[in-house]
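Working notes, beginning with the structure itself.
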Amino acid sequence: MDGKQIGTVTHFYNRICVAVIDLTDDIRVGDSVHFLGRYTDFRQQVISIQIEHEQVEGAGKGQEIALKVDKRVRKGDKVFKLIEE
């Protein structure tokens, strides 16, 4: 699998395990993503996206989303959408 950067983590809510991501490209529920940073390196499938506390199926460039994550992420971590070859 290859990846394309689609955003950067701007905040992380530890108690509810949610990352806030500033998008530079599109993302949809069901996409596979890779979080990569100095202390972060894991992949997961997108199961929930919210914008302003409203559930959405997808979001695009320039939007800020809240994404349920499996593990801790940190401010500045890069988010890549995985593309099957």
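Return the residues of segment 43-67 that are within 14 Å of GLN5 (Cα to Cα) and either among the β-branched types (Val, Ile, Thr) or surrounded by fewer than 14 Cβ atoms within 10 Å (Cβ to Cβ) (or both); say none if nothing qualifies.
Listed by number, the residues that qualify are GLY60, LYS61, GLY62.
For the subset of segment 71-84 comprising residues that are out of contact with any His (no Cβ under 8 Å at 6 or more places or on another chain), at pLDDT 95 or above and not in a strand (DSSP E or B), which member is surrounded by the most Cβ atoms within 10 Å (Cβ to Cβ)?
Looking at residues that are out of contact with any His (no Cβ under 8 Å at 6 or more places or on another chain), at pLDDT 95 or above and not in a strand (DSSP E or B), I get VAL73.
Among the basic types (Lys, Arg) and either in a loop (DSSP other than H, G, I, E, B) or at pLDDT below 95 (or both): is that true of ARG38 in this structure?
yes
Can you pull out every residue in segment 61-77 that is touching a residue at least 40 places away in the same chain (Cβ under 8 Å) and not charged (D, E, K, R)?
Once the filter is applied, which keeps residues that are touching a residue at least 40 places away in the same chain (Cβ under 8 Å) and not charged (D, E, K, R), segment 61-77 yields GLN63, ILE65, ALA66, LEU67, VAL69, VAL73, GLY76.
Looking only at segment 52-68, how many residues end up being over 14 Å from ARG28 (Cα atoms) and not in a strand (DSSP E or B)?
Here the count works out to 3.
Give the residues of segment 8-60 that are among the β-branched types (Val, Ile, Thr) and either touching a residue at least 60 places away in the same chain (Cβ under 8 Å) or more than 17 Å from LYS81 (Cα to Cα) (or both), sorted by residue number.
Within segment 8-60, THR8, VAL9, THR10, ILE16, VAL18, ILE51, VAL56 qualify.
Looking only at residues that are part of a loop (DSSP other than H, G, I, E, B) and not β-branched (Val, Ile, Thr) in segment 12-35, which one is surrounded by the fewest Cβ atoms within 10 Å (Cβ to Cβ)?
Among those that are part of a loop (DSSP other than H, G, I, E, B) and not β-branched (Val, Ile, Thr), it is ARG15.
The values are calculated or read from the model by the stated rules, or taken from the named source; none is laboratory data. All values reported here derive from a predicted model rather than from experimental measurement. In this analysis, Cβ positions are derived from the backbone assuming ideal geometry, glycine residues included, and neighbour counts consider all displayed protein chains.
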